[in-house]
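The values are calculated or read from the model by the stated rules, or taken from the named source; none is laboratory data. On a predicted model such as this, the values are computed, not experimentally measured, just so you know. No Cβ is skipped: glycine too gets one built from the backbone with ideal geometry, and neighbour counts run over all protein chains shown. These area figures cover heavy atoms from the full protein model, side chains too; ligands, DNA and RNA do not enter into them. Shrake-Rupley method; radii C 1.70, N 1.55, O 1.52, S 1.80 Å.
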Amino acid sequence: AFFSARIIDASWHLLSIFPLRADFDSLQIQEPRLHVEFQPDGTSNVPALGPGGGDRGRWSDQLLGLKIARLEISGGEMAWDDRRTPFAFQASDFVFGMKYENAAQGQNVAATSPDYRGTMSFQNASLQLNESVPANLDAVLKFKLLPSRVEVDEIKLVSGKSTLDGSLTVNDLR
């Protein structure tokens, strides 16, 4: 499975169904498992998002918009093929949004590659990877997901008196 969790407990307000928009007072996720697996041909188990074909029509430009006052993830594990990383994460004012954009506006959707543009931000976070000391940080992230790469246009991490600003591109996700 791509994603599973033992328990998800949420206190929330649904703002709209399509596009999916919700405000959460709190979201607690216990023992989540996120597993990304690539095949030799480059395909993966990541669920496809994007425009429907045939009679289903186009997806809305805004796929997802979430605001979470308090997010708590405990006992998590991320797996990238055979590499597993345990993690825990807590944050306040967590905001995540993603929208679909066709790479070539006005052209046949099937003839172009889709772009998924997203933003994420949070404050007063604590992130622990493996058995490391938890890192306390605030973050802002603007990114684009493409079929063969991830582009991060802006990343800003603040921890104490230290700030990291930058951008990056990952060209081969395998």
| remark: Restricting the stretch 156-174 to residues that are more than 24 Å from Trp80 (Cα to Cα) and out of contact with any strand residue (DSSP E or B) (no Cβ under 6 Å at 6 or more places or on another chain), the one most open to solvent (accessible area, probe 1.4 Å) turns out to be Lys161
| remark: Cβ pairs under 9 Å, 6+ apart or interchain, first in the stretch 15-37 and on the phi > 0 side of the Ramachandran plot, second part of a strand (DSSP E or B) and at pLDDT 85 or above, ordered by first then second residue, are Glu31/Ser4; Glu31/Ile7; Glu31/Ser74; Glu31/Gly75; Glu31/Gly76; Glu31/Glu77
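Yes/no per residue for (1) at pLDDT 85 or above; (2) part of a strand (DSSP E or B); (3) within 25 Å of Asn45 (Cβ to Cβ); (4) open to solvent by less than 40 Å² (accessible area, probe 1.4 Å):
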{"site": "Gly65", "(1), (2), (3), (4)": "no, yes, no, yes"}
{"site": "Glu77", "(1), (2), (3), (4)": "yes, yes, yes, no"}
{"site": "Gln107", "(1), (2), (3), (4)": "no, no, no, no"}
{"site": "Ser121", "(1), (2), (3), (4)": "yes, yes, no, yes"}
{"site": "Leu137", "(1), (2), (3), (4)": "yes, yes, no, yes"}
{"site": "Glu154", "(1), (2), (3), (4)": "yes, yes, no, no"}
| remark: Scanning the stretch 1-18 for residues that are closer than 17 Å to Ile68 by Cα, surrounded by 14 or more Cβ atoms within 10 Å (Cβ to Cβ) and in contact with a Lys or Arg (Cβ under 9 Å, 6 or more places away or on another chain) gives none
